[in-house]
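The structure appears right after this line, and notes come after that.
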Amino acid sequence: MGNPKGEERRRVLLLCGDYMEDYEAMVPFQALQAFGVSVDAVSPVKKAGDICSTAITIQVESTDQANTESRGHNFTLNATFDDIEFDKYDGLVIPGGRSPEHLAMKASVVELARKFSDSRKPIAAICHGLLVLAPAGAVKGRKCTAVSTMKPGLVAAGAHWVEPDTLSVCVADDNLITGVTYYGNPEFIGLFLKALGGNICASERRVLIIIGNYAEDYEVTVPYQSLKVLGCHVDVVCPKKKAGDTCPTAIRDLEGGQTYSEIRGHNFVLTADFESIDASSYDALVLPGGKAPEFLALKEDVIVLVKQFMEARKPVASICHGLEILVAAGVLQGKKCTGYPGIKAHVVSSGGMFVEADPIDRCVADGNLVTAAAWHGQPELISQLMTLLDIQVSF
């Protein structure tokens, strides 16, 4: 997607398992695709189209205190573990969570990790993902980091432990990239991209993301962290809240019902004060979906900001229910767009041209406006936004 035409695409494996950490799987999965890297997500005993349950790890501020977790999204695998042809892949990504404990007991998984290590192909492992590398001999004599509880086992495996002082620390030792938690995803993915031979071509861009309580979990964090990988300055704001305040997110999944399911997600920490925002100082706007947009659409100061971006023809990206804000702002006249099907009538009545959300990963670009039907379409949405911002990733 983000890869210029004519260049060979890199291909990587994402090693998955039930109750891997939600962000540590989906953010690399979608960000790398947006940057033009093919990603095959596999799990032992499972096939393409099967589901891995994920876990939301609620991190505490300290690196040496216990955390808790809750259920995350359902992650759909797009490849089959037993069909892996090692020589076709340029790198390996191993998320954390609880799945690595189980994966490390499988000889086929350990042997796969050993092959990547012996071939010196890039390996990126975050948090408990290093549990898979230890029995493969992939950390012996190598600098690495992870959550502090991993230290005894990694030192016993011969690793040179780097003590983390924050949850976002990452360490690169030649082809091995390690990280503490998903807070460090931007640097973690950036280091892996560099190890794959990727080069980001752009000057710094400034992007604003407007959210509210119960914005969709992926639709906030995947664009936020992906754009930070690219060197963008990204501010995430919410009306009546300040930098350091939090917004709870919502996890929405299509599970076979007549509509999506919804449960509580992560707590997202805002990066700026809403009242201090000046639209003229930003190059693009992102409007995530979830439950928040129906309330944000009622706030005049949000509508004013949206109109300023659209009138200046700056890039605006909307995901799923984010269209509700654009409808309220009256800026969809004559515009092609897509989003959650339940919003179609509102879009049409406001003069917009609704493109059906089938398939669910559909993304539509019309001038400065890029829209995705749901979080499933974020790789293409981010890629289109990169084009509008003149950002390229080359290999």
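How many residues are loosely packed, with under 15 Cβ neighbours inside 10 Å and outside any loop (DSSP other than H, G, I, E, B) if we restrict to the range 120-152?
Here the count works out to 2.
Can you name every residue in the range 363-395 that is crowded, with 22+ Cβ neighbours inside 10 Å, in contact with a helix residue (DSSP H, G or I) (Cβ under 8 Å, 6 or more places away or on another chain), polar (S, T, N, Q) and outside any strand (DSSP E or B)?
Q378, S383
Here is a list: A66, A41, A55. Which entry is assigned to a loop (DSSP other than H, G, I, E, B) and either under 20 Å from the mean Cα position of the chain (by Cα) or at pLDDT below 95 (or both)?
Going through A66, A41, A55 in turn, just one is assigned to a loop (DSSP other than H, G, I, E, B) and either under 20 Å from the mean Cα position of the chain (by Cα) or at pLDDT below 95 (or both): A66.
Only one of (1) on the phi > 0 side of the Ramachandran plot; (2) crowded, with 22+ Cβ neighbours inside 10 Å is not met by Y214, so which one is it?
Just one mismatch for Y214, condition (2).
Could you list, in sequence order, the residues of the range 303-360 that are among the aliphatic types (A, V, I, L, M), modelled with pLDDT under 95 and in contact with a Ser or Thr (Cβ under 9 Å, 6 or more places away or on another chain)?
A357
Test M26 against the criterion of being among the aliphatic types (A, V, I, L, M) and either touching a residue at least 40 places away in the same chain (Cβ under 8 Å) or buried (at least 24 other Cβ atoms within 10 Å of the Cβ) (or both), and give yes or no.
Yes.
Among the numbered criteria (1) open to solvent by 50 Å² or more (accessible area, probe 1.4 Å); (2) not in a strand (DSSP E or B), which one does G339 miss?
Only one criterion is unmet by G339, namely (1).
Give the residue that is nearest to M105 (Cα to Cα), with candidates limited to residues of the range 153-177 that are crowded, with 20+ Cβ neighbours inside 10 Å and touching a Phe, Trp or Tyr at 6+ places or on another chain (Cβ under 8 Å).
Of everything passing the filter in the range 153-177, L154 is nearest to M105 (Cα to Cα).
When the residues of the range 77-119 are narrowed to those that are assigned to a helix (DSSP H, G or I) and closer than 19 Å to G49 by Cα, which ends up most open to solvent (accessible area, probe 1.4 Å)?
Step by step, filter the range 77-119, then rank; the result is D82.
The values are calculated or read from the model by the stated rules, or taken from the named source; none is laboratory data. Only a predicted model underlies this, so the values are computations on that prediction, with no experimental measurement involved. Positions of Cβ are backbone-derived with ideal geometry, glycine not excepted, and every protein chain shown enters the neighbour counts. For accessibility, only protein heavy atoms count, side chains too; no ligands or nucleic acids. Shrake-Rupley method; radii C 1.70, N 1.55, O 1.52, S 1.80 Å.
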